[in-house]
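Taking it in order: structure first as structure tokens, then the write-up.
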Amino acid sequence: MDGTLKGLKVYIFYSSRTEPEILSVYQRYIDKLKEKNIDYEEIDIYESKEKAEKFNIEVTPSICIVIGGKLEKKFVGVAHMKEVLGESMLIRGEK
């Protein structure tokens with residue numbers, strides 16, 4: 001997968017109130033999404049409550065993998081964020 005999978009989007013939910021530095025901790029993984037041309041969005045749950053509600057986000061950080069407008073997988077917590085953004089097939093480029 002080189003980021004050209006039609007309809008793939010990664011939503012990264014975080015809280016600027018409780019974990020304002022979380023995105024900087026994972027910046028190198030976020031940079032990999034950019035390198036692979038994978039569409040992604042960083043969402044502060046306090047600035048976009050509608051999206052957080054749409055994906056039923058109760059814990060941050062959380063990551064939602066959407067393909068073709070359908071939620072395919074949801075990861076909750078820091079460990080999952082590292083796994084998904086660092087070692088997953090999204091970053092390695094495997095199918």
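No value in this document is a laboratory result; all are computed from the given coordinates. Remember, predicted model here, so these are calculated numbers, not experimental data. Note that each Cβ is placed from the backbone with ideal geometry, even for glycine, and that neighbours are counted across all protein chains shown.
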Practice task
Straight distance only, please: which lysines reach the Cα of K54 with their own Cα at less than 20 Å, same-chain residues fewer than 8 apart left out?
Solution key: K9, K70, K73, K74
Problem - Estimated inter-spin distance, K70 and E21, nm [label 7 Å along Cα→Cβ] - result: 4.1 nm
Fill in the blank from the handout: Looking only at aspartates and glutamates whose Cα falls under 18 Å of K6's and that sit 8 or more positions away or on another chain, we get E35, D39, E41, E72, E94
Fill in the blank from the handout: Scalar couplings 3J(HN,Hα) for the range 31-39 by Karplus 6.51 cos²θ - 1.76 cosθ + 1.60 (θ = phi - 60°), nearest whole Hz, x for Gly and Pro, are 4, 5, 4, 4, 4, 8, 6, 8, 5
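Please figure out what share of the DSSP beta bridges in the range 8-90 is antiparallel and state it in percent, rounded to the nearest 5.
Working: 12 of 18 bridges.
Within the range 8-90, antiparallel bridges account for around 65 percent of the total.
If a/c stays under 1.5 just call it rounded; otherwise compare a/b with b/c (prolate if a/b is bigger, oblate if not). Do that for the range 8-90, with a ≥ b ≥ c from the square roots of the Cα gyration tensor eigenvalues.
On the way: a/c = 1.60, a/b = 1.13, b/c = 1.42.
In terms of gyration-tensor shape, oblate.
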Problem - Per-residue HN-Hα couplings for the range 41-47 [Karplus 6.51, -1.76, 1.60; θ = phi - 60°; Hz; x = Gly/Pro] - result: 9, 8, 10, 7, 5, 7, 9
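Kindly rank 73-80, 6-13, 18-25 from highest to lowest mean number of other beta carbons found within 10 Å of each residue. Walk me through the numbers on the way to the answer.
Numbers: 73-80: 14.2, 6-13: 17.4, 18-25: 12.5.
Highest mean packing first, the order is 6-13, 73-80, 18-25.
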